[in-house]
1. Of everything in segment 36-52, what is open to solvent by 40 Å² or more (accessible area, probe 1.4 Å) and either hydrophobic (A, V, I, L, M, F, W, C) or over 29 Å from residue 81 (Cα atoms) (or both)? Give them in sequence order.
2. Please pick out the residue among 94, 102, 56 that is open to solvent by 90 Å² or more (accessible area, probe 1.4 Å), of a type in the set (A, V, I, L, M) and within 24 Å of residue 18 (Cα to Cα).
3. Among the candidates 144, 111, 134, 118, which residue alone is exposed (fewer than 15 other Cβ atoms within 10 Å of the Cβ) and within 15 Å of residue 28 (Cα to Cα)?
4. Can you name the number of the only condition in (1) of a type in the set (Val, Ile, Thr); (2) open to solvent by less than 80 Å² (accessible area, probe 1.4 Å); (3) more than 17 Å from residue 6 (Cα to Cα); (4) over 11 Å from the mean Cα position of the chain (by Cα) that residue 126 fails?
5. When you check residue 7 against the structure, is it out of contact with any strand residue (DSSP E or B) (no Cβ under 9 Å at 6 or more places or on another chain) and within 25 Å of residue 128 (Cα to Cα), yes or no?
Amino acid sequence: MLVGATATLEQLLAIEPGRHWVASCYIRLLPQDRSRERYLIQLKKQRRSLAGTLDALLADRDERYGVERDLDEIVAYVSEPANLPHAGGLAGFASTPLDLFAAVPVPRTYRPRLVVDRSPAVRELVAAQGDFGRVVAVLLDRSRARGFAVDAAGASGV
């Protein structure tokens, strides 16, 4: 399991597909994507192309403004370099009616995308947890022992 992502994944999986829209985003953050902020250019391009689809998808103007606010929130979060993880990718989820905003570092992103649907797009996040296992490491010396949980996202003390 990715350290810190388990609780977020459980929260996302608990969302019942229903009447609220959820914006899901997967961003690739490899070194070549980070140079000249290519990941941000690609995200903004996907955001513009999604705007045309939202017209056909959302008939209610209030719902559309809510979804656009969620998309803008994701773009604003990713625009701040301090928010970017030291990982190969980032999964972001936002829904104002559900009081949801989550950003989860992922070891890699297979296909960068931006999706609006009635439920969060968590398939790649679940696959990332299955692909990269978790190792428990114990460091011993004469006076003490320390344990660490190590996975693709980082390490944490146990």
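1. Of everything in segment 36-52, just one residue is open to solvent by 40 Å² or more (accessible area, probe 1.4 Å) and either hydrophobic (A, V, I, L, M, F, W, C) or over 29 Å from residue 81 (Cα atoms) (or both), namely 41.
2. Numbers: 94 fails: open to solvent by 90 Å² or more (accessible area, probe 1.4 Å); 102 fails: open to solvent by 90 Å² or more (accessible area, probe 1.4 Å).
Within the list 94, 102, 56, the selection yields 56.
3. Working: 144 fails: within 15 Å of residue 28 (Cα to Cα); 134 fails: within 15 Å of residue 28 (Cα to Cα); 118 fails: within 15 Å of residue 28 (Cα to Cα).
When all the criteria are applied, what remains is 111.
4. (3)
5. Numbers: out of contact with any strand residue (DSSP E or B) (no Cβ under 9 Å at 6 or more places or on another chain): yes; within 25 Å of residue 128 (Cα to Cα): yes.
Yes.
The values are calculated or read from the model by the stated rules, or taken from the named source; none is laboratory data. From a predicted model like this one, the values you see are computed outputs, not experimental measurements. Ideal geometry is used to build each Cβ from the backbone, glycine not excepted, and the neighbour counts take in all protein chains shown. We work out accessible area using only protein heavy atoms, side chains counted, and drop any ligands, DNA or RNA first. Shrake-Rupley method; radii C 1.70, N 1.55, O 1.52, S 1.80 Å.
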